[in-house]
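The values are calculated or read from the model by the stated rules, or taken from the named source; none is laboratory data. Owing to the predicted nature of the structure, the values given are computational and were not obtained by experimental measurement. Backbone-built Cβ (ideal geometry, glycine too); neighbour counts: all protein chains shown. Heads up: the accessible areas ignore ligands, DNA and RNA and are worked out on the full protein's heavy atoms, side chains in. Shrake-Rupley method; radii C 1.70, N 1.55, O 1.52, S 1.80 Å.
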Amino acid sequence: MNFVTVAELNKDIVRNLHHIPRDIDLIVGIPRSGMLVATLIALYLNKPLADLDSFIAGKFQSVGRTKNTDKCVTKYEEIRKLLVVEDSCNSGNSVREACKKMEACNQKIEYLILAAYISHSTKSLVDVYFRVVPQPRCFEWNFIHYKRFMEEACVDIDGVLCIDPSPSENDDGEKYREFIRNAKPKYIPTTEIGWLVTSRLEKYREDTEYWLRKNNIKYGKLYMMNLNSAEERRKLGNHAKFKAEIFGKLHNARWFVESEPMQAEEIRKLTGKEVFCVDEMYIHDSGFRQKIYWGIKEDYINKFRSILPQKLRTKLRKIKRILLAQGKRKRK
């Protein structure tokens, strides 16, 4: 999984600001994810901001009192050039739809299309992009609602879907039961989860299922620890091992979503499969790609590739394809 964090997005914006023309009058974001990228760009360039629908309705936001300058447009009639922004362009449908709306709205206004992350097949649809990020890919700002990611994932409950219990609530009794039934939600997906794998005990299944129904969380199957007490579970200390055993047996499960970093790494080691830690916003993966990218800026890697002889680059691509194919066979 190619995972992009908000921090990485910000770095990519800063690295690529020089690619954005400075005669842009207004930054327009394609709702909703495009607004995240558009807002950051507008702040860095000190440009007015609008979402696409508001712009079409003739509305946009000013830069604010403290950042206002004579160079910033204040009226719709003054706008001559736009930057229309999306977070990613995979199928290209949202970009195509935005272009249709722009052309139907005002043909006198010039506009450029920017997508932060694209696929090789969608380069021709945009004027500016930051990086090519191939599939499978996922972003910090929408991973919990990404159908492909969630339907192939094993997901822990405490620390992911809801907050962890406090020491006083974690009494393996009525307080804990009350916590389970009324736990404050954390990440609530809008698509079905493949499997829920939790170190909660089987005796709390009914209470856990009640909370899942109350929060409208859909899932394929719920796995819980079949032990008599929390004290027995603490003595065994096998939270990660239990999760890894389930995860390893589920051949269609491609990744595990965990909150605790040490458990995430242990699950990864025991299964050899990818584990996404929400507390770190990091994919634990021992694959070839992560090893060669560790601590190395992509800019430098791209420069290194560009000076290699064509024959060597071709051989390296063949090696990469072989390694990726081997990785896919192992996951099956």
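A few comments on the model shown:
- Residue pairs whose Cβ atoms lie under 6 Å apart, separated by 6 or more positions or on different chains, with the first residue in segment 245-268 and closer than 17 Å to M224 by Cα and without any contact (Cβ under 8 Å) to a residue 60 or more places away in the chain and the second open to solvent by less than 40 Å² (accessible area, probe 1.4 Å) and assigned to a helix (DSSP H, G or I), are G248/T271; Q263/A240; I267/A240; I267/K243; I267/A244.
- Scanning segment 77-101 for residues that are in contact (Cβ under 8 Å) with a residue 40 or more places away in the chain and not in a strand (DSSP E or B) yields E78, I79, R80, N90, S94, V95, A98, K101.
- Of everything in segment 61-89 that is modelled with pLDDT of 90 or more and either of a type in the set (S, T, N, Q) or exposed (fewer than 15 other Cβ atoms within 10 Å of the Cβ) (or both), the residue that is farthest from L125 (Cα to Cα) is K81.
- Test result for K203, closer than 30 Å to S168 by Cβ and at pLDDT 95 or above: yes
- For segment 209-238, the set of residues classified as in contact (Cβ under 8 Å) with a residue 12 or more places away in the chain, part of a helix (DSSP H, G or I) and more than 27 Å from H145 (Cβ to Cβ) consists of A230, E231, R233, listed by residue number.
- Candidate set from segment 141-183 (those that are small (G, A, S) and not in a strand (DSSP E or B)); member that is farthest from the chain's Cα centre (by Cα): G173
- Of the residues making up segment 179-199, those that are out of contact with any His (no Cβ under 7 Å at 6 or more places or on another chain), open to solvent by less than 70 Å² (accessible area, probe 1.4 Å), within 13 Å of V155 (Cβ to Cβ) and not small (G, A, S) are Y187, I188, I193, W195, L196, V197, T198.
- Residue within segment 170-178 that is of a type in the set (S, T, Y), touching a helix residue (DSSP H, G or I) at 6+ places or on another chain (Cβ under 8 Å) and open to solvent by 30 Å² or more (accessible area, probe 1.4 Å) present: no
- Only one of the numbered conditions (1) over 30 Å from V85 (Cβ atoms); (2) in contact with a strand residue (DSSP E or B) (Cβ under 9 Å, 6 or more places away or on another chain); (3) among the aromatic types (F, W, Y) is violated by Y210, and that is (2).
- L112 being hydrophobic (A, V, I, L, M, F, W, C), assigned to a strand (DSSP E or B) and at pLDDT 90 or above: yes
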